[in-house]
1. Residue-wise, which Karplus ³J(HN,Hα) couplings in Hz belong to the stretch 73-85, taking 6.51 cos²θ - 1.76 cosθ + 1.60, θ = phi - 60°, and x for glycine or proline?
2. Could you work out the relative contact order of the stretch 7-193? I mean the mean sequence separation of Cα pairs under 8 Å and 6+ apart, divided by the number of residues, in percent.
3. In nm, to one decimal, how far is the modelled label at Q167 from the one at A99, with both set 7 Å along Cα→Cβ?
4. Given the options E141, E170, E13, state which has the largest fluctuation in a GNM of the chain using a 10 Å cut-off (strictly under) for Cα springs.
5. Quick one: with all protein chains in place, what share of the accessible area of the stretch 6-96 is carbon or sulfur, to the nearest percent (1.4 Å probe)?
6. Length gain on complete extension for the stretch D34 to R136, per 0.36 nm per residue less the alpha carbon to alpha carbon distance?
7. With point charges of +1 on the Cβ of Lys and Arg and -1 on the Cβ of Asp and Glu, referenced to the Cα centre of the chain, which listed residue (Y179, M1, H128) lies farthest in the positive direction of the dipole?
8. Just subtract the alpha-carbon distance of R63 and R108 from 0.36 nm times their residue separation and send over the number in nm, one decimal.
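The values are calculated or read from the model by the stated rules, or taken from the named source; none is laboratory data. Fair warning: this is a prediction, and the values are worked out from it, not measured in the lab. Backbone-built Cβ (ideal geometry, glycine too); neighbour counts: all protein chains shown. Areas reflect the complete protein model, heavy atoms only, side chains present, ligands, DNA and RNA absent. Shrake-Rupley method; radii C 1.70, N 1.55, O 1.52, S 1.80 Å.
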Amino acid sequence: MNPHADPFLHFAEWFEAARADDPQPEAVNLATADADGRPANRMVLVRRWSSEGFEVYTDTTSRKGADLAANPRAALCWHWKGLGRQVRVEGLVTRLPDAQVDAYWAGRPRGSRLSAAASHQSQPVESHEALAKRLRTVEAEHGGQEVPRPERWGGYLVTPLRVEFWQEEEFRLHDRLEYARASTGAPWVTRTLQP
Ligand SMILES: Cc1cc2nc3c(=O)[nH]c(=O)nc-3n(C[C@H](O)[C@H](O)[C@H](O)COP(=O)(O)O)c2cc1C
């Protein structure tokens, strides 16, 4: 695999190919760890990314939010099965500014905004029916009005220090290309890794 000038250009090319092939190319596994180093992972959507990093939107009071407050590092892993490709990102996590989160919130469907307003992500609830009831209450409170973003709902930027592109090859002689940098300002160094 030939290195690009940086991993974002490489990601752009692969994401374009995934968009043409995969029904949900933005679905990605997000791994975090708590203050004691205990890992946890779950799927999220990364719909926005740039040369700054990858954006994740969620409830900041969720389990992942608590992990990230205690330990602001994360890993992302995409698998685009049809293309036989995996992309792994490891990096530092910061909160996205409110204006950016507001813009993302405004672009979400109204139903999703209402659900996010009704749900305190990762907290226990008496039953799913109780939550559905709370959603109806929130819906009635807002009538046809705008649904304001709850303060707890926010976004994170994962700034990569390591990105790996993995291409499936015949007989498991997969092609792995790593881009790594010592810090966010440092140059990217590439290496080919054995499968
Ligand atoms: C394909 C897919 C995409 C998801 N996207 C998001 C997302 O963008 N943000 C989010 O908060 N949860 C998303 N979820 C739900 C999370 O997987 C998870 O259940 C939730 O964020 C709570 O995780 P936590 O308790 O570890 O914080 C998604 C789930 C799936 C299956």
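1. Listing the rounded values in order: 9, 8, 10, 10, 9, 9, 10, 9, 4, x, 9, x, 10 Hz.
2. That works out to 22 percent.
3. Taking the two extended label points, one gets 4.0 nm.
4. Looking only at E141, E170, E13, the largest GNM fluctuation is found for E170.
5. Values: 2130 of 4430 Å².
Answer for the stretch 6-96 is 48 percent, counting heavy atoms of protein chains only.
6. Working: separation 102, 0.36 × 102 = 36.72 nm, distance 3.39 nm.
Working it through step by step, the gained length comes to 33.3 nm.
7. Of the options given, the answer is H128.
8. Numbers: separation 45, 0.36 × 45 = 16.20 nm, distance 2.20 nm.
Length gained between R63 and R108: 14.0 nm.
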